[in-house]
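Just so it is clear, none of the values below were taken in a lab; they were calculated from the coordinates. The structure presented is a predicted model; accordingly, all values stated were derived computationally and were not measured. With ideal geometry, Cβ positions are generated from the backbone for all residues, glycine too; neighbour counts draw on all protein chains shown.
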Amino acid sequence: MANNPKILLIDDDPDFIMINRTILESEGYQVDAAHDPISGWEKIKSWKPDLICLDVMMPTGTEGFHFAYKVRRDPDTQHIPIIMITAIHEYSDFRFSTEDGDFLPVDEFIEKPIRKDVLLAKVKSLLAAATPQKTKQQRDQGIGWKKN
């Protein structure tokens, strides 16, 4: 993973994207955005983000759910952590959590409106969990002498 992890925001609300892009970029993250699942998929394949922040409700309904399944089914993308961002609870009594497993294959949920500290904490946590720990040999700078 790069020094500055890449985060892809997928949401149909330009104001949401602008605000959260600003928050994430101010913390040193590289941020790109897509306004629908089709362009989101293209950016995932070409830009290869380290994390995806995905809205549930977009113009044709609950597209975010279907998109999460697509990401998890593709061997090239299934490892990318997904934060599902939703205001669906305002419109429905349906409740879900990350413990719903295969039903909702995402790593975290955040309710809209998002608090800055909650977003940053979840992003940091998921990126840390996705970063493999380096072995002693990988930490060797090539000088040929390693401390045990």
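Key figures for this structure:
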| quantity | calculated |
| --- | --- |
| Label zone at ALA87 (point 7 Å along Cα-to-Cβ), backbone N below 20 Å, the stretch 9-42 | 9-24, 33-37 |
| Residues in the stretch 38-72 reached by a label modelled at ASP13 [backbone nitrogen below 13 Å; 7 Å Cα→Cβ] | 54-59 |
| Efficiency of FRET from Cβ geometry, ALA129 and ARG21, R₀ 25 Å, rounded to 0.05 | 0.65 |
| Gain in span if fully extended, ASP117 to ARG72, counting 0.36 nm per residue against the direct Cα distance | 13.5 nm |
